[in-house]
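Heads up, the thing below is written out as structure tokens.
The values are calculated or read from the model by the stated rules, or taken from the named source; none is laboratory data. Note that this is a predicted model, so its numbers are computed, not measured. All Cβ positions, glycine included, derive from the backbone under ideal geometry; neighbour counts span all protein chains shown. Heads up: the accessible areas ignore ligands, DNA and RNA and are worked out on the full protein's heavy atoms, side chains in. Shrake-Rupley method; radii C 1.70, N 1.55, O 1.52, S 1.80 Å.
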Amino acid sequence: RPMVRSIACWTLSRFARWVVQMTFAPRPGDPPPPTAEQGMGFMNSILGGMLRRVVDHNKHVQAAACGALATLTQETGEDIAPWLGPTVQALAQAIATYQRKNMRSVYDAVATLCESAGDCIQTPDVARALLPPLLQKWEAGGDAQPDLYNLLECVTSVVMGVGLGAQEYAAPMFARALQLTRQQLALREQAKANPDSDVPYEPDHVVCALDLLSGVADGMGAACEALVSANAPALREVIVASVSDPYSPGIRRSAFALVGDIAKSGGGQHVAPSLPQIFECAAANLQPKMVQAYNMSVCNNACWSMGETAMAFPAETMAPHAARLASAFARVLSQTMVHRSLSENAAIALGRFALRTPEAIQTGFAQFVTPWCQALRRLRDGTEKEHAFAGLVALCRAAPDAATTGVAPMMHAIASWQRVRDPELHANLLAVMRHYESALGAERWAELANALGPATIKKLGAFATNVG
């Protein structure tokens, strides 16, 4: 009874969270729950049944099983490890055998597994199971197939999930995605030249190809530098054409993500000749008229990628462009009703530029110190917050008097730390606090302490020990 098998898959997926809570510890290192043995029995039975139904001969059952499997793997997360082998094999068989109608279901299931399974999926065995049938689909259907976007989204998820496990497939994927992007951008120019012609330009294909390039750069890490080097001229051409696309926010968003991932991977020197154009486009996308809902993901990626670029290049490379970009970040922080993620990305990017080129941007410090510190206090502890606060320290040293008007928000920002992992940064922030306490004098510092409130003063008092 296919419909019974189908609805059984759906019904069991509704119990996924309950089964996971029965089986696994809520956090790594915690003891397993008392029901773990019974939960393992449920997991073996339910997951085994779902995998058999993933390769069912009925299309309705296939779709239901893929959806149920995606729900279960999302709930299970890294705890899927004991069942990873059979899960991957069933999905690989589904990719090779499904008809077009159900391919999106299996693509979603594969992507969910790769995004949820954590480090346990970072093996060549997973890459060898999943990537060949996916790449065969791409080869067989060509670049004009209707579901290319969904296919390449799935390939990108696998590449990012398995990381270096996909290294043997990275070079052909990178070259193929770059070729697809160039072809589509050439078609875009033809369409612009002949608006009435029926040119098969697909902006979504540019987006998914750029995302795949980003996925390879992100997944390969430092190993991607050789790919970037081998394709440098074509890659620069694609990046400049994409970050300056006048019509598609999706293309600009993906292009800025690619810039940031290449900078992180250590291949930034190969795009260095195009940095002036990239910086110009980033600043243009952060103009007030561009900080709108339709363009918000572009603004986010522009800020993030510029911050990554600042950390990847020497100060002398960034200095000529630092003032303009810092002004753009500060303008974003000054705007009202800006989405929180954008203000955080702008604050981090501004901090990274301040860390690398404090002398180049110290002129405007007095104007942006207050909104900047208000954004810094909302950041979660981590590497990006450390970079941003290290930039704050650098600017306080370069222009100490300029920050006098922003001491109160600066103290609120410092009090936002739970624990500073970098002892040097911790010591530098303590020095900044002592400097402004001395500079303000006892009376004004007492007034400031009263304005800050007892909760913030208590946190600042405890800050001396919040290190390591």
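Of the residues 22, 40, the single one that is under 17 Å from residue 73 (Cβ atoms) and either β-branched (Val, Ile, Thr) or more than 33 Å from the chain's Cα centre (by Cα) (or both) is 40.
Selection of region 408-438 for residues being within 28 Å of the chain's Cα centre (by Cα) and either open to solvent by less than 50 Å² (accessible area, probe 1.4 Å) or not charged (D, E, K, R) (or both) yields 410, 412, 413, 414, 415, 416, 417, 418, 420, 423, 425, 426. Does residue 416 satisfy the criteria of being in contact (Cβ under 8 Å) with a residue 40 or more places away in the chain and of a type in the set (Ser, Thr, Tyr)? Answer is yes for this residue.
Matching residues to (1) closer than 25 Å to residue 286 by Cβ; (2) loosely packed, with under 15 Cβ neighbours inside 10 Å:
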| residue | (1), (2) |
| --- | --- |
| 164 | no, no |
| 170 | no, no |
| 181 | yes, no |
| 195 | no, yes |
| 205 | no, no |
| 225 | no, no |
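Selection over region 443-452 of residues that are of a type outside the set (Phe, Trp, Tyr), open to solvent by less than 70 Å² (accessible area, probe 1.4 Å) and more than 11 Å from residue 411 (Cα to Cα) gives a count of 1. Among all residues of region 26-38, there is at least one that is under 21 Å from residue 120 (Cβ atoms) and of a type in the set (A, V, I, L, M). Looking at (1) assigned to a loop (DSSP other than H, G, I, E, B); (2) buried (at least 19 other Cβ atoms within 10 Å of the Cβ), can you tell me which one residue 26 breaks? Just one mismatch for residue 26, condition (2). Considering only region 64-96, state which residues are touching a residue at least 40 places away in the same chain (Cβ under 8 Å) and of a type in the set (Gly, Ala, Ser). The answer is 64, 65, 67, 68, 70, 77, 85, 92, 94, 96.
Being small (Gly, Ala, Ser), crowded, with 21+ Cβ neighbours inside 10 Å, closer than 18 Å to residue 306 by Cβ and in contact with a helix residue (DSSP H, G or I) (Cβ under 9 Å, 6 or more places away or on another chain) is the requirement here; does residue 390 meet it? So that I can check it myself, show each step before the final result.
Values: small (Gly, Ala, Ser): yes; crowded, with 21+ Cβ neighbours inside 10 Å: no; closer than 18 Å to residue 306 by Cβ: yes; in contact with a helix residue (DSSP H, G or I) (Cβ under 9 Å, 6 or more places away or on another chain): yes.
Here the answer is no, as residue 390 does not meet what is asked.
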